[in-house]
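Have a look at the structure below before the remarks.
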Amino acid sequence: MFVVDQLHKIELRVGTRAVVEFNQRFQSVPTFGSTIQMFLDDIASMGQLAARNFEDILQCCIPVFKGLLPSECNAVVQRLLFIFAQWHRLAKLCCHTTETLKIMKKLTAKLGSELCSFAKLTKTMDVCKTPDEYTHQKKQQAAAQALRST
């Protein structure tokens with residue numbers, strides 16, 4: 001076996017463990033009446049989710065992510081998730097006042113700033129698509145190419 005193959009297997013195993021831990025953490029989140037329902041077994045795949053599922057994920061993901069990522073990412077991700085959850089809650093209000101609109105404006109700017117920090121942090125990270133994402137991207141590219149050639 002080549003050294004590179006061995007390193008690849010180790011990296012794959014570490015990544016797989018993180019995904020398994022992520023899924024297990026979501027599975028351990030208790031239900032909360034009709035508001036928070038039991039999460040799917042494989043939440044990391046993000047397959048077959050409705051809008052309410054994404055909302056539940058957002059409401060529960062801060063403790064799920066805590067300590068799961070490398071330390072240099074953890075604080076940035078925790079801040080980003082918290083601000084996004086605040087922004088989302090405020091955006092869902094049915095009736096806004098002048099004050100809530102001011103808060104929304106500040107939160108939107110803060111969210112943009114945190115997204116930029118996250119983008120800067122992750123820009124140098126070596127990441128790859130899941131097999132499903134890769135397949136989906138290839139199908140989209142083929143469909144776009146077929147449209148251009150007709």
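Values as computed for the structure displayed
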{"item": "In segment 54-72, the residues that are within 16 Å of residue 25 (Cβ to Cβ) and either free of Cβ contacts under 8 Å to residues at least 12 places away in the same chain or not charged (D, E, K, R) (or both)", "result": "57, 58, 59, 60, 61, 62, 63, 64, 65, 67, 68, 69"}
{"item": "Filter result (buried (at least 16 other Cβ atoms within 10 Å of the Cβ) and of a type in the set (Asp, Glu)) within segment 56-78", "result": "56"}
{"item": "Of the criteria (1) outside the structural domain of residue 24 (by TED's automatic domain parsing); (2) among the hydrophobic types (A, V, I, L, M, F, W, C); (3) part of a helix (DSSP H, G or I), which one residue 95 fails", "result": "(3)"}
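Yes/no matrix, rows are residues, columns are (1) of a type in the set (A, V, I, L, M, F, W, C); (2) more than 19 Å from residue 72 (Cα to Cα); (3) out of contact with any helix residue (DSSP H, G or I) (no Cβ under 7 Å at 6 or more places or on another chain); (4) touching a residue at least 12 places away in the same chain (Cβ under 8 Å):
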| site | (1), (2), (3), (4) |
| --- | --- |
| 94 | yes, yes, yes, no |
| 102 | no, yes, yes, no |
| 106 | no, yes, yes, no |
| 121 | yes, no, no, yes |
| 127 | yes, no, yes, no |
| 149 | no, yes, yes, no |
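The values are calculated or read from the model by the stated rules, or taken from the named source; none is laboratory data. Given the structure is predicted, the values throughout are model-derived calculations rather than measurements. For neighbour counting, all protein chains shown are included, and Cβ atoms are generated from backbone atoms with ideal geometry for every residue, glycine included.
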